[in-house]
Amino acid sequence: MDPSYCRRSKSEDEFALFVLPTLGEHSYSSRRPMHTSILTGARRVNEILNGHEDLCKRHFRMETDIFQALVQKLRENDRLVDGRDVSVEEQVAIFLYALSKNATNDTLADWFQHSGQTISYYFGEVLSAITELYSVYIRPPSLHPHPILSKEKFYPFFMDCIDAIDGTHIPLKLPADEQEPYRNRKQTLSQNVMVACDFDLKFVHVHAGWEGPASDARVLQDALNHGFQVPPGKFYLVDAVYTTIFGSISWY
């Protein structure tokens, strides 16, 4: 026997007999299923799509018929397929609810009664499927002058202008240790996004990813370095913050 061995006292034995069963119960309770609501994600989505017409707009920022049309488009060519427990309708609902409510993974897991892993997986699947639609719905800007530019007060000054560019700040949430690079001059957290828009108010280019403090001119320069092009003989309309950018970017 080890001479350093010392048997526990009676009080220590009693403490162990009291604590161990408690630890066992806690361990068992932590393994209980969390998402046990009878209102599953599938039922919730079905109620919304078949309920009042404002419900779909309230939760998914989209009319019901447009939601169904988007689902049908994503089903085409097997861009999205029904999962074992999650239909395409619910997959799209998860994605749209996350965007419209800026919902966290935990919120989505509770709302749709799925694990966080399942939520993350289908959010990624829908995101990938929707990006495949860009070639269907997004077209390069027309190089022909917009009819509005033929008006006397615009012609011939803007006859070669095809679009307008400006920056916008998109609010975001980050862990405390990652916030500082994104704190803008108003002391809020944001991402500086450059957007190009045509004269029909349609987006033709979006350059995202820059931190809030980044200047609009810097974001534009980065866009020009990464594929954004100005057609020869044409120009984009911008404001004075872009005056450090030269070439076919004109400001007024």
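The values are calculated or read from the model by the stated rules, or taken from the named source; none is laboratory data. If you're wondering where the values come from, they're calculated on a predicted model, not measured in any experiment. Heads up, the Cβs are rebuilt from the backbone with ideal geometry, glycines too, and the neighbour counts pull from every protein chain shown.
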Exercise. Using beta carbons and a limit of 7 Å, which pairs, at least six apart or on different chains, have the first residue in region 225-239 and without any contact (Cβ under 8 Å) to a residue 60 or more places away in the chain and the second one surrounded by 13 or more Cβ atoms within 10 Å (Cβ to Cβ) and aliphatic (A, V, I, L, M)?
Worked result: VAL230/ILE249
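Please tell me if ILE38 is outside any helix (DSSP H, G or I) and either farther than 22 Å from TYR121 by Cβ or modelled with pLDDT of 95 or more (or both). Steps first, please.
Values: outside any helix (DSSP H, G or I): yes; either farther than 22 Å from TYR121 by Cβ or modelled with pLDDT of 95 or more (or both): yes.
So ILE38 passes the test.
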Exercise. When the residues of region 128-156 are filtered to those that are surrounded by 10 or more Cβ atoms within 10 Å (Cβ to Cβ), within 22 Å of PHE228 (Cβ to Cβ) and touching a helix residue (DSSP H, G or I) at 6+ places or on another chain (Cβ under 9 Å), which remaining residue is modelled with the highest pLDDT?
Worked result: ILE130
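Tell me yes or no: at least one residue of region 73-86 is part of a loop (DSSP other than H, G, I, E, B), over 14 Å from the mean Cα position of the chain (by Cα) and under 25 Å from PRO171 (Cβ atoms).
No, region 73-86 contains no residue that is part of a loop (DSSP other than H, G, I, E, B), over 14 Å from the mean Cα position of the chain (by Cα) and under 25 Å from PRO171 (Cβ atoms).
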Seminar exercise, completed: Screening GLN113, GLN117, GLN91 for residues that are at positive phi and at pLDDT 90 or above leaves only GLN113
For this session: Determine whether TYR236 is hydroxyl-bearing (Ser, Thr, Tyr), touching a helix residue (DSSP H, G or I) at 6+ places or on another chain (Cβ under 8 Å) and either farther than 30 Å from LYS101 by Cα or in a loop (DSSP other than H, G, I, E, B) (or both).
Result: no
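Okay, residues lined up against (1) surrounded by 12 or more Cβ atoms within 10 Å (Cβ to Cβ); (2) basic (Lys, Arg); (3) touching a residue at least 24 places away in the same chain (Cβ under 8 Å):
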| site | (1), (2), (3) |
| --- | --- |
| THR40 | yes, no, yes |
| ARG43 | yes, yes, no |
| ASN50 | no, no, no |
| LEU55 | yes, no, no |
| PHE60 | yes, no, yes |
| PHE67 | yes, no, yes |
| GLN72 | no, no, no |
| ARG79 | yes, yes, yes |
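Scan region 219-235 and tell me whether some residue there is over 29 Å from TYR134 (Cβ atoms) and within 30 Å of the chain's Cα centre (by Cα).
no
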